[in-house]
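Below is one structure, written out as C-alpha cells, with a few remarks after it.
The values are calculated or read from the model by the stated rules, or taken from the named source; none is laboratory data. None of the values given here were measured: they were computed from a predicted structure. FYI the Cβ positions are ideal-geometry reconstructions off the backbone, even for glycines, and counts take in every protein chain you see. With ligands, DNA and RNA removed, areas are computed over all heavy atoms of the protein, side chains included. Shrake-Rupley method; radii C 1.70, N 1.55, O 1.52, S 1.80 Å.
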Amino acid sequence: MSENVVEESSLFKVAADVHIDATPLQVYSVVSDLGRSGDWSEECVGGEWVEGEAATVGAVFRGDNHRDEDVVAWAPVVRGAWSTRSEVVAAEAGVSFSWAIQDSTGRKQESVWTFDIEGEGAGSRLVHHFRMGAPTEGIRGITAEMDAERKQAFFADWGAKLEKDLAATVERIKDVIEGEFKS
C-alpha cells in the first residue's frame, strides 16, 4: 500500500475498498485512465490529459466535473459544472495510482486521490483514498466567511459526503472492471 496516503493532521482522510474479480494489472489499466472517471465517479464526468504522457508521474489531467444543488446544500460550494487540473504524483502499474489537485497557479495542493491495488486470491483488493492535508484554495474560499462552529459543521458534512462518494465509486469501478474482464 502507498505510505503517502495517511497523515494524522489531515482535514479529510477517507478510504473505501472492494474486492474485484480481475488481476491487479487489469484493475490498474482501468483506474489509471482518468478520462473514464465519468463511468464511476460521483462528480467527475470525464476530461482529458493536457500535459505529459497520459497516466505517468508529472502528467496533468483536466477533469470535467458536475455537482448537484442538493450536495451539502447549505454550504457555499461550487454547483453545476466546473473543471480541475490534477497532476499524477504516483504511477506504479498494478500497485498504486495517485494524483494531486492543482491550485489556480498550477501548484500541487495537499488534496490527493489514490487507488491502491493488491492481489487478493484470484482477484484484487482496490482501496480508493482521499486525503487533504492543508486547506486547499477552494476550501479556504468556502470557509472564509464561516465562524468556528460553521466550519466544524462543514468539515463533518463534507467528510460524510466524501465517505459516501468513495464507497459508491469503488462499487461502480468493480462493476465496470468485472464487466470488461469476465473470466
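So if I place +1 on the C-beta of Lys and Arg and -1 on the C-beta of Asp and Glu, and nothing else carries charge, what would the dipole magnitude of region 123-165 be about its Cα centre? I want it in debye, nearest 20.
On the way: 7 positive and 7 negative charges, 51 e Å.
Dipole magnitude for region 123-165 comes out near 240 debye.
Once the other residues with Cβ under 10 Å from the Cβ of S98 are scored (Lys, Arg +1; Asp, Glu -1), what is the net sum?
Counting the neighbours of S98, the net charge comes to -2.
Could you work out the local net charge near T136, counting Lys and Arg as +1, Asp and Glu as -1, over the other residues with Cβ closer than 13 Å to its Cβ? It would help to have the intermediate numbers written out before the result.
Numbers: positive: R85, R107, K108, R131, R140; negative: D103, E110, E137.
Residues close to T136 contribute a combined charge of +2.
Through the Karplus equation 6.51 cos²θ - 1.76 cosθ + 1.60, θ set to phi - 60°, convert the phi angles of region 162-173 into ³J(HN,Hα) values in whole Hz; use x for Gly and Pro.
4, 4, 5, 4, 5, 4, 5, 4, 5, 5, 5, 4
Carbon-plus-sulfur fraction of the accessible area of the chain, 1.4 Å probe, in percent?
On the way: 4470 of 9190 Å².
Accessible surface attributable to carbon and sulfur in the chain totals 49 percent.
Suppose each label sits 7 Å from its Cα in the direction of the beta carbon; what would the A144-W82 distance come out to in nanometres?
Between A144 and W82, the label points sit 1.2 nm apart.
Nothing charged except the Cβ atoms of Lys and Arg (+1) and of Asp and Glu (-1): what's the magnitude of the dipole of the chain about its Cα centre? Round to the nearest 20 debye. Could the numbers behind the result be given before it?
Numbers: 18 positive and 34 negative charges, 56 e Å.
Using only the charged Cβ atoms, the result is roughly 260 debye.
So, for the chain, what is the accessible surface per residue at a probe of 1.4 Å, expressed in square angstrom? Don't jump to the answer; show the numbers that get you there.
On the way: 9190 Å² over 183 residues.
On a per-residue basis, the chain sits at 50 Å².
Please say if region 87-176 is rounded, prolate or oblate, where rounded means a/c under 1.5 for a ≥ b ≥ c the square roots of the C-alpha gyration tensor eigenvalues, and otherwise the choice is prolate for a/b larger than b/c and oblate otherwise? Don't skip to the end; give the middle numbers.
On the way: a/c = 3.34, a/b = 1.66, b/c = 2.01.
Here region 87-176 falls in the oblate category.
Which order do peptides 107-120, 64-77 fall in by mean Cβ count within 10 Å, highest first? Could the numbers behind the result be given before it?
On the way: 107-120: 19.2, 64-77: 13.4.
In descending order of packing, they fall as 107-120, 64-77.
Based on the mean of other beta carbon atoms within 10 Å per residue, what is the order of 139-149, 162-172, most packed first? Let's see the in-between values first.
Numbers: 139-149: 12.4, 162-172: 17.0.
Going from most to least packed, we get 162-172, 139-149.
Quick check: the distance between the Cα centres of region 112-138 and region 14-54, to the nearest angstrom?
Comparing the Cα centres of region 112-138 and region 14-54, I get a distance of 11 Å.
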